[in-house]
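Down below is the structure, laid out as structure tokens.
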Amino acid sequence: MTTTPRSTPLRTAARWLLGGAMVFAGLSHLFWARREFQAQVPDWTGKVLDKDAVVVASGVVEVMLGGALVALPRERSRVGAILAAFFVAIFPGNLEQYTKGKNGFGLTDDRTRLIRLFFQPALVAVALWSTREPRR
């Protein structure tokens, strides 16, 4: 029987917080904030796929990744890498929200939309750091 490598308490707390935030965000995609998220889907995506389908699919992925961060401790490094890639993949939506001045989630001016762009790299860093195997 293989054991799960131990994580530090701070990394574990960050991973659980991130997992909970992802589940919450995913559920909001599916239920109460679908229109807000549809406004963030890049216009070029809507020409190929239905914007609502993109929102629903990304919500399902967020719920799954958030749950996996907590429920699959042996796979945490792999899940963290997938989550980091997911954050990179959705960045064009945030970028388009800024460049086209799209309102959503209380981001109603260029300054707040620009500040939000800096949170995406931070999320990538937390996803990777919180799931990294501790050195022995």
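Give me the net charge for the shell around residue 41: Cβ to Cβ below 15 angstrom, other residues only, Lys and Arg +1, Asp and Glu -1.
Net local charge, residue 41 excluded: 0.
Gain in length, residue 47 to residue 122, computed as 0.36 nm per residue apart minus the alpha-carbon separation, to one decimal in nm?
That works out to 24.0 nm of additional length.
Report the local net charge at residue 85: Lys and Arg +1, Asp and Glu -1, summed over other residues whose C-beta lies under 14 Å from its C-beta.
Once positives and negatives cancel, what remains is 0.
What is the distance in Å between the Cα centres of region 50-106 and region 32-48?
The distance from the Cα centre of region 50-106 to that of region 32-48 comes to 13 Å.
Which of the following values of Kirkwood radius over Cα pairs in Å was calculated from the structure shown: [x] 15.7; [y] 17.6; [z] 16.3?
Only one listed value fits the structure, namely [x].
Give me the percent of the accessible area of region 1-134 that comes from carbon and sulfur atoms, probe 1.4 Å, all protein chains in place.
The C+S portion of the solvent-accessible surface of region 1-134 is 70 percent.
Which angle from 0 to 90°, rounded to the nearest 10, does the C-alpha axis of helix 9-30 make with the longest principal axis of the chain?
30 degrees
The values are calculated or read from the model by the stated rules, or taken from the named source; none is laboratory data. A quick note: this is a predicted structure, and the numbers were derived from the prediction, not measured. Heads up, the Cβs are rebuilt from the backbone with ideal geometry, glycines too, and the neighbour counts pull from every protein chain shown. All accessible areas refer to the heavy atoms of the entire protein, side chains included, with ligands and DNA or RNA removed. Shrake-Rupley method; radii C 1.70, N 1.55, O 1.52, S 1.80 Å.
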